[in-house]
Amino acid sequence: MSIGRPARLALAFLLCSAGLVAAGDRPSGVVELFTSQGCNSCPPADDNLAALAKRGDVVTLAYHVNYWDYRGWRDTLATAENTARQHDYRKAFQSRSVYTPQAVVNGRVHVNGAKRAAVESALSSLNANGEGMQVDVHMERKGDSVVITAGEGARSANAHVKLVYYGQPQAVDIGEGENGGRTVYYVNPVTETQPAGMWHGKPATFELPASDIARKGPGGCAVLIQSVTADGSPGPILGAANLPAPTGRPK
């Protein structure tokens, strides 16, 4: 029996899960994609994010936003919190408006997420300029806990330790709007975020209930160590780790 493209992509993603960024390795970068099921420019960006996730050395997060819902289709994965995070980046980048698909790379630059070469170039350029991940972060399950350890920074810093929960990879049949009639495959759709503490440039450990992470992030959880500007806007991401849900976990 043959299977459709979304199912094949989902199967390939799960088969490659062992190749995802290990919880103690320093990833080559973080790509946060702001996307919407109601935006006909977004499916290529969603495909690009899936390819990066499959590659395994980049922490990839899909923030579905809700401001295109009025066009006839309510994004099934969107949250107001995701939209608020994009507006926080708008202030940080001193942009006049938000857009989709927007890919924010390492919290430092933003590019059109549908342009794979632009995303890859941003990752490469930031690493070449010393603006990649600068802090070792380790995230692992220990019994009933998830333990996060952050290493020492090259300089003193005050950064937020942010947990980003995400759902399972999934294909969505879009009934109306600009993508009406299409089935689009999504990876790592962000379900919730929460602060876990502060990092002050020195080694630190944070412990969380594993049950909370399993409940809030059925696909897994990423941790970002992100500097914050004086007005509270998000700044550069200094370190990150990803902890996918255990293999075989029910969807």
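So here's what we get for this one:
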{"quantity": "Filtered trypsin sites (Lys or Arg not before Pro), the range 135-206: DSSP coil and at most 16 other beta carbons within 10 Å", "calculated": "Arg155, Arg182"}
{"quantity": "Percent of beta bridges antiparallel (DSSP, the chain, rounded to nearest 5)", "calculated": "85"}
{"quantity": "Cα shape, the range 128-251, gyration tensor, a/c 1.5 rule", "calculated": "oblate"}
{"quantity": "Where chymotrypsin sites (Phe, Trp or Tyr not before Pro) fall in DSSP loop in the range 146-206, at most 14 other Cβ within 10 Å", "calculated": "none"}
{"quantity": "Sum of side-chain charges, Gly180 neighbourhood, beta-carbon under 15 Å (Lys, Arg +1; Asp, Glu -1)", "calculated": "-2"}
{"quantity": "Cβ-based net charge around Asn127, under 13 Å, with every Lys or Arg adding one and every Asp or Glu removing one", "calculated": "-1"}
{"quantity": "Relative contact order for the chain, counting Cα pairs under 8 Å that sit 6 or more residues apart, in percent", "calculated": "23"}
{"quantity": "Potential lengthening between His87 and Glu152 on full extension [0.36 nm per residue; Cα-Cα distance subtracted]", "calculated": "20.4 nm"}
{"quantity": "Reach of Lys162 by Cα under 21 Å, taken over lysines that are not fewer than 8 positions away in the same chain", "calculated": "Lys91, Lys142, Lys202, Lys216"}
{"quantity": "Computed E for Glu207/Glu176 - FRET, C-beta separation, R0 45 angstrom, nearest 0.05", "calculated": "0.50"}
{"quantity": "Net lengthening on full extension, Lys142/Ala117 (0.36 nm per residue, minus Cα-Cα)", "calculated": "5.1 nm"}
{"quantity": "Diffusion coefficient, µm² s⁻¹, Stokes-Einstein with Kirkwood Rh over alpha-carbon pairs of the range 98-155 at 25 °C and 0.890 mPa s", "calculated": "179"}
{"quantity": "Potential extension, Val98-Ala230 segment - 0.36 nm per residue separation minus Cα distance", "calculated": "45.4 nm"}
{"quantity": "Kyte-Doolittle mean at least 0.0, axial Cα span of 27 Å or more - DSSP H helices of the chain", "calculated": "none"}
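Each reported figure results from applying straightforward, stated rules to the coordinates on display, with no laboratory input. In this text the structure is predicted, and so the values were computed from the model without any measurement. Using ideal geometry, Cβ is built from the backbone for each residue, glycine included, and neighbour counts are taken over all protein chains shown.
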